[in-house]
Each structure stands twice: as structure tokens, then as C-alpha cells.
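Everything on this sheet refers to the single structure shown next.
The values are calculated or read from the model by the stated rules, or taken from the named source; none is laboratory data. These figures come from a predicted structure and were not determined experimentally. Reconstructed Cβ throughout: ideal geometry from the backbone, glycine too, with neighbour counts over all protein chains shown.
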Amino acid sequence: MVLCFVVVGVIGFASKAFANLCSVPSNPSIQKTSARDLYIRNCARCHGVDGRGQTDQGRKYDVPDLVEESKQTSSAKISKIIANGKLEMPAFGKKLSKKQIAALAAYIKKL
């Protein structure tokens with residue numbers, strides 16, 4: 001009977017150890033970045049956190065008010081501008097993935 005408990009215990013321990021070996025550890029640096037975080041990191045310097053463009057850089061380059069512009073502009077066009085740049089705005093097509101650009105465009109539409 002004791003031997004039975006020992007065997008069950010060893011099997012249980014071994015299966016947990018195997019599961020830990022096979023599982024992918026959670027790594028915060030690999031986690032998905034939210035569209036808001038992408039916007040803050042890449043756009044807010046000029047366009048401002050609120051999208052209104054009332055920052056030092058925004059005034060310097062006379063950036064558009066994204067809140068107003070996004071009402072009149074399709075997500076596809078916003079994505080194209082993010083990817084290719086426009087006037088003084090740099091292109092982000094090589095820095096961001098298509099999925100990130102689409103997420104940014106959707107975020108901007110909601111500002």
C-alpha cells in the first residue's frame with residue numbers, strides 16, 4: 001500500500017516537472033504592446049497624448065489635429081500615412097508591423 005502511494009506521488013511529481021519543462025515561460029518583453037502604448041511611443045511626441053497636436057513638436061511642424069482629421073479619413077488612409085509618412089512626418093513602415101500600423105490607425109480613429 002505504501003509503495004502504491006510512493007508510485008502515485010512520483011508519477012504526479014514527474015508529470016508536473018514535465019509540464020513545466022514543456023511550457024513556455026511568460027516573458028513580459030514578449031507580451032503584446034497595446035495600440036495606446038504604440039501611439040504614446042511613436043506619435044504622442046508630436047500629436048500629443050490626446051491627438052490634438054498641442055505639443056512643442058506639434059506646433060513646430062504644424063501637425064494636424066488627429067481627432068478632427070480621423071473623422072474625415074479612412075483607416076486605410078491613416079494606415080498608409082503611418083507606413084509611408086507625410087510631409088514632415090517620418091514613415092513607420094519599416095519600424096512597425098502591418099498589424100501594429102492597423103492597430104494604431106484604429107486607435108487614432110477612436111481619439
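Brief remarks follow.
- R45 vs. criteria in contact with a Gly (Cβ under 9 Å, 6 or more places away or on another chain), under 21 Å from L96 (Cα atoms), in a helix (DSSP H, G or I) and modelled with pLDDT of 95 or more: yes
- Filter result for T73 (without any contact (Cβ under 8 Å) to a residue 24 or more places away in the chain and under 17 Å from K109 (Cα atoms)): yes
- Residues of region 81-104 satisfying the condition of being within 13 Å of H47 (Cβ to Cβ) and part of a helix (DSSP H, G or I): I81, I82, L104
- Pair list, Cβ under 9 Å, 6 or more apart: region 76-90 residue touching a residue at least 40 places away in the same chain (Cβ under 8 Å) and on the phi < 0 side of the Ramachandran plot, other residue assigned to a helix (DSSP H, G or I) and not hydroxyl-bearing (S, T, Y): M89/C46; M89/I81; M89/I82
- Subset of region 42-70 (residues that are closer than 14 Å to K110 by Cα and in contact with a His (Cβ under 8 Å, 6 or more places away or on another chain)): L66
- For V67, the conditions (1) touching a Leu at 6+ places or on another chain (Cβ under 7 Å); (2) buried (at least 18 other Cβ atoms within 10 Å of the Cβ); (3) of a type outside the set (S, T, N, Q) are fulfilled apart from (2).
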